[in-house]
Each structure stands twice: as C-alpha cells, then as structure tokens.
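Everything on this sheet refers to the single structure shown next.
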Amino acid sequence: MRAPVRAVFRTTGLVAGLAALLLLAIACEEDVMTPGEEVDDPDADVAGIAVIDNAFAPDDINIDEGTTVRFRHEGENTHTITINGVNQSGDLEPGDEFAFSFDRTGEHSVTCDYHPEMTVSVTVTGPID
Ligand SMILES: [Cu+2]
C-alpha cells in the first residue's frame, strides 16, 4: 500500500503549491501601486516613495496618521531610510523595499545616511473629527 500514500503526498504538495501561488498572487497585487502615487490622498493608507540615485520621489508628501509609507529602491547606489535622524532600514540595495508606519503627527524628515542631498519631508496629520 505504498503507492496510495505517495499519491496523497503528491496531492498535498500540489495543494500547498497552489496555495503558495495564490498567496504570491495576492502579495503581487498589493504591489501594483507605483511609488510616488497615492500621495495627498486622505483616503489612502499606503503611500509610496521611490528611492533613486540620489533622491526620493516625491520629496514632499502629506499623509494621514498611521499611514504606511513604502520606500522602494529603484536606483543603483546603496541608500538608507533615516527618519528623524534614526536609520530605520539599514542598507537598502537595488530592488529592496522598506515600509514604515507614521504614527505620530507632525513633520518628519527622511534622509539617507550616505547622501545628505536626499531628503523627503513627510507631514502627518491626525484624523479630522
Ligand atoms: Cu542614498
């Protein structure tokens, strides 16, 4: 009775593979957003900033409290996401992505440890009740 057991394992593997593909598809769908889009949108809870050589794009955004900002490295050089003077990301290499949720209102400065000319101002506003 070894063959049926193997068949069960094979089916389980197939199901796991399909589940993994489905999860991958869901993950990819979330990535449709283009960095730099969805800024200044009061309904957006995710904003994107592209990290290029050597700048952030856009370099100024307004977001709601609790918004997650995704920094996507689209350049060639090593960069960091340093928020209010604290390096939050470590070194980012081409293709890397780093997400940070801004939970405090006010103006936050984002810079790169390696390139002082790279700055982005993130203005976080609280909910209007
Ligand atoms: Cu840099």
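Are any of the residues in segment 112-123 within 16 Å of Ala47 (Cβ to Cβ) and loosely packed, with under 15 Cβ neighbours inside 10 Å? If you could, list the steps in order and put the result at the bottom.
Within segment 112-123, the subset within 16 Å of Ala47 (Cβ to Cβ) is 120-123.
Now drop any that are not loosely packed, with under 15 Cβ neighbours inside 10 Å, which leaves 121, 123.
Checking segment 112-123: at least one residue is within 16 Å of Ala47 (Cβ to Cβ) and loosely packed, with under 15 Cβ neighbours inside 10 Å.
So which residues in segment 84-99 are part of a strand (DSSP E or B), more than 17 Å from Val46 (Cβ to Cβ) and touching a residue at least 12 places away in the same chain (Cβ under 8 Å)?
Answer for segment 84-99, where residues must be part of a strand (DSSP E or B), more than 17 Å from Val46 (Cβ to Cβ) and touching a residue at least 12 places away in the same chain (Cβ under 8 Å): Asn87, Leu92.
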Of the listed residues (Thr80, Thr67), the one being modelled with pLDDT under 95 and β-branched (Val, Ile, Thr) is Thr67
How about segment 78-129: which of its residues are hydrophobic (A, V, I, L, M, F, W, C) and within 9 Å of the ligand (Cβ to nearest atom)?
Leu92, Cys112, Met118
Please determine whether any residue of segment 64-71 is within 12 Å of the ligand (Cβ to nearest atom) and either of a type outside the set (Val, Ile, Thr) or surrounded by 18 or more Cβ atoms within 10 Å (Cβ to Cβ) (or both).
yes
Do we have Val51 as in contact (Cβ under 8 Å) with a residue 40 or more places away in the chain, surrounded by 18 or more Cβ atoms within 10 Å (Cβ to Cβ), within 14 Å of the ligand (Cβ to nearest atom) and more than 13 Å from the chain's Cα centre (by Cα) here?
no
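The values are calculated or read from the model by the stated rules, or taken from the named source; none is laboratory data. Given the structure is predicted, the values throughout are model-derived calculations rather than measurements. No Cβ is skipped: glycine too gets one built from the backbone with ideal geometry, and neighbour counts run over all protein chains shown.
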